[in-house]
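So the structure is just underneath, and the comments pick up after that.
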Amino acid sequence: MGVKRVDSVSRDIEAMVRADLSPAEQGKVIAQYVKEGIDEADQANRRVLGRVPPRTITVDGRSGAPIETVNPKGGSIIVEWELVADVLVWIGQTLHDRSPIVSGA
């Protein structure tokens, strides 16, 4: 699975989340921010791959947990897109296209 780490994002989110909100409300603010990032990545994948690859979301170590349940004080949200299959298909097609059987070389 492809992994993209953005360390500065956590500092940006901390600055955006108001301290006077309840933890549940803070989780909702964080979730909205993360969902926007996921949507952007999905759109980029659709442009490049022609589809959105499957993804896994892990919230505070719980796979498939709702994003809104993130612990606003040091929790984590990890989103992983399954990109390996696409790379392997491309490699297989490239090997086939350049093989001596096809090219005659």
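The values are calculated or read from the model by the stated rules, or taken from the named source; none is laboratory data. Please read all numbers here as calculations on a predicted model, not as lab measurements. As a convention, Cβ positions derive from the backbone with ideal geometry for all residues, glycine included, and neighbour counts pool all protein chains shown. With ligands, DNA and RNA removed, areas are computed over all heavy atoms of the protein, side chains included. Shrake-Rupley method; radii C 1.70, N 1.55, O 1.52, S 1.80 Å.
Structure summary
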quantity: For ARG55: the one exception among (1) surrounded by 11 or more Cβ atoms within 10 Å (Cβ to Cβ); (2) at pLDDT below 90; calculated: (2)
quantity: Meets criteria (open to solvent by 90 Å² or more (accessible area, probe 1.4 Å), assigned to a loop (DSSP other than H, G, I, E, B) and farther than 15 Å from TRP81 by Cα) for ALA65; calculated: no
quantity: Residue count for segment 34-69, restricted to those that are out of contact with any strand residue (DSSP E or B) (no Cβ under 7 Å at 6 or more places or on another chain) and polar (S, T, N, Q); calculated: 1
quantity: Candidate set from segment 70-105 (those that are among the hydroxyl-bearing types (Ser, Thr, Tyr) and closer than 25 Å to ASN45 by Cβ); member that is least open to solvent (accessible area, probe 1.4 Å); calculated: THR94
quantity: Some residue of segment 42-52 being in contact with a helix residue (DSSP H, G or I) (Cβ under 7 Å, 6 or more places away or on another chain) and open to solvent by 80 Å² or more (accessible area, probe 1.4 Å); calculated: no
quantity: Filtered residues of segment 22-58 (kept if outside any helix (DSSP H, G or I) and within 16 Å of GLY74 (Cβ to Cβ)); calculated: THR58
quantity: Counted residues, segment 19-51 - those being among the hydrophobic types (A, V, I, L, M, F, W, C) and in contact (Cβ under 8 Å) with a residue 12 or more places away in the chain; calculated: 8
